[in-house]
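Novice: My structure is below; once you've seen it, I'll send some questions.
What follows draws every value from the coordinates through simple rules; no lab data is involved. Note that the structure is predicted; figures quoted are calculated from it, not measured. Glycine also receives a Cβ, built like all others from the backbone with ideal geometry; neighbour counts cover every protein chain displayed.
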DNA sequence: TCGTTAATTGGAAGCGGTTCCATGACGAAG
DNA sequence: CTTCGTCATGGAACCGCTTCCAATTAACGA
């Protein structure tokens, strides 16, 4: 029974006294097989422990039932949620999903080039990655269906959000609360230079921010706009600069929740209370945002992955996908990091007091033998705001 | 030149006046091809835009150059880091990586069953998933190499940490700081029941916690041990129970950083200061931990993925992998959420005061028209601890 | 110049399925 | 009792590449 090499469809056919065609029909649940025959073949398959070769079937059929997802910065929460969304529908549709983590443009190109050969995958989902017309042309020439998520690709179905509207939303909210000096902390997006910044999500959100200010009759202050590499740590550094200004902002809009975390950390480290002295609004609404009470612009991350996968599978079924550009809704989520600013005078004096707090606390830590906190931390600042409020009331 | 169907190796052979064997040799960089021939073939390949079929090659060669990663709860930071680690080395080795997000045991079994057929993938990495002997046997029978990461699988190379030692490490640290009443917040791990809890990471960490207490001559108090489903929100609820006890713990060990976030949120919401009134130690050391200053037990997450992938690729090269069980190092990272407890009497009175703080703050919020914070939030508590310290000094 | 060995090369035989077409068998209609 | 149309079935052809073996050619030493 247990031969050295695996059973093939021919073995099954021989053992059950039918032709390979019939076995194939049984396997694929095709019609036109007599019940008695089907049962017999099934029994033999079971006996022999036969498992059809995915590969051979794919080669013969001309389709793999597998799709590729090319996604940058896999470790970012937003990327993961998108991927998870796509994975869930692709798995449900019976597709294997090959994941390419394209952290650098070089790797992105490398992966894309590999995928240019048909039958490597049935289709491609490109996430958050601008793609050159040249690359795109190569992929299309290969006849591989493509959809994009979180990035606009001309001539290809793409699921995106309106970043400009998002920036507008966040900034308008802060303006509505009464803020006038609103800082902006954004990232350059990948290896972009500042010159191409206008084409990144962060860049478009900045445009929205500017629009909102303009609509409110406010002149955008260049010194309040800070850009740096992505990441909480960098956002923390940028925020430190902002809060160190002679006339610091009373609110900051960060272009991602992760960066907003950095903003909060910087505020904490500098003894600036949130939302008392500084309002913060993020972007994305990752799981963490709800937990720490971060006000933010919610974008449907997982949903974007789901939509992308759905559209790709529609494409693979040969259906037309319309409209090419699908724009998902944004929603402002107001939590506890944004509030009305204090009256101007009081605010700046309050800031001074808070600064001194740090030194005092340091002394206390040492005296008490608790050891000093090392890195920027929220935790060490627990409850401070409320305590402060109580003290003042 | 542009025919309707794609160019095949035969087309290239014909167009360059050589045999298919030679073309194959050129493609695969084999030796024994005259330079002149190689150049000629290469030129034709380029002209025809020929791309070898991965599928056909795989079928013929009998190997896919692709591996499967089965991972549960892909959205958890720890899972993502492991996956990213594996992805990086697999990509470097030229493997395609198919990701299966096995959120439920049903799906896990389903995926595993699918992978049981050889030539679906060359190898499998199983992450954080206990696997039955039955399943394992099926996979081995299929002759597919397997390695495990973050889970012990008998007879298979696995990369793990010593969870018990980790629990010990965290608890000993809290004991060393002078804590006596140490709470434990853990999860049940997947769909496990309490009866199988002893076999989960959280369960083993609990064992370490118990060992540490025992070694310190302390009787573990059952009411201080709380288990619930995974997640920050659940941990928050459990912590609320703990802090509501007549004699609440002065420290809590949470079995993941995510859960520790929930602990912090609960403390914040209840007006319990960290680390003043409550020390918190997490587990994992995800990126966020550093940002918020969470004390934690660091486990090399990404590294575990890297090791798993390396071992699998060694296996695929036909090398022996020894030792089967690879245990990665743990390290306690002391940040700002853990400190010495206050003297007993003062601590409990301090707790009372803090409780009142909440009510006072609530009143203040309303009066000020700032709106009340809604969900558990760190942010609303910014700087409180230091302010409190200052007030006392 | 002539063996002999080594380097190249051509091409048939798989790899393990899917598909299409030809062949029977069988019941219904004429 | 033919004549069809239908349903089941067997099996050759093919998917596009790797590989092995035989054949051809080049290289080398005597």
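Novice: Measuring label to label, 7 Å along Cα→Cβ, what does residue B:220 give against each other copy in nm, shortest first?
Specialist: Here residue B:220 shows inter-copy label distances of 5.8 nm.
Novice: If you average over every viewing direction, what projected area does the convex hull of the Cα atoms of the stretch B:1-77 give, in nm²?
Specialist: About 8.2 nm², averaged over all directions.
Novice: Could you list B:75, A:258 in order of exposure, starting from the residue whose Cβ has the fewest other Cβ atoms within 10 Å?
Specialist: B:75, A:258
Novice: Per residue of A:268-279, count partner chain C-beta atoms within 10 Å of its C-beta, then hand back the mean as an integer.
Specialist: Counting other chains' Cβ atoms within 10 Å and averaging over A:268-279 gives 4.
Novice: What does the copy distance list look like for residue B:10, label position 7 Å along Cα→Cβ, in nm and ordered from shortest?
Specialist: Those label-point separations list as 2.0 nm.
Novice: Right, here's the next one. Please give the Cα centre distance for the stretch A:259-307 versus the stretch B:274-326, rounded to the nearest Å.
Specialist: Here the answer is 26 Å between Cα centres.
Novice: May I ask you to derive the FRET efficiency for residue B:334 and residue B:133 from their Cβ-Cβ distance with R0 = 30 Å, giving the value to the nearest 0.05?
Specialist: 0.15
Novice: Tell me the relative contact order for the stretch B:1-133 as a rounded percent, counting alpha carbon contacts under 8 Å between residues six or more apart.
Specialist: Relative contact order comes out at 25 percent.
Novice: For a protection proxy built on the mean count of beta-carbon atoms within 10 angstrom, sort B:124-133, B:237-246 highest first, please.
Specialist: B:124-133, B:237-246
Novice: Compute the Kirkwood hydrodynamic radius of the stretch B:134-193, taking the inverse of the mean of 1/r over all pairs of distinct Cα atoms, and give it in Å to one decimal.
Specialist: 14.8
Novice: Can you pull the mean other chain C-beta count within 10 Å for peptide B:89-98?
Specialist: Mean partner shielding for this stretch: 4.
Novice: Let me ask something else. Considering only the label points, 7 Å along Cα→Cβ from Cα, what distances in nm to one decimal separate residue B:37 from the same position in each other copy, shortest first?
Specialist: Nearest to farthest, the other copies are at 4.7 nm.
Novice: Mind checking the mean number of beta-carbon atoms from other chains within 10 Å of the Cβ atoms in B:49-58?
Specialist: Mean number of neighbouring Cβ atoms from other chains: 6.
Novice: Could you please rank B:200, B:255, placing first whichever residue has the fewest other Cβ atoms within 10 Å of its Cβ?
Specialist: B:200, B:255
Novice: Cα-based Rg (one decimal) and Dmax (whole number) for the stretch A:1-143, in Å?
Specialist: Cα radius of gyration and Dmax of the stretch A:1-143 are 20.3, 57 Å respectively.
Novice: Which value results when the Cα radius of gyration for the stretch A:96-197 is divided by 2.2 N^0.38 Å?
Specialist: 1.38
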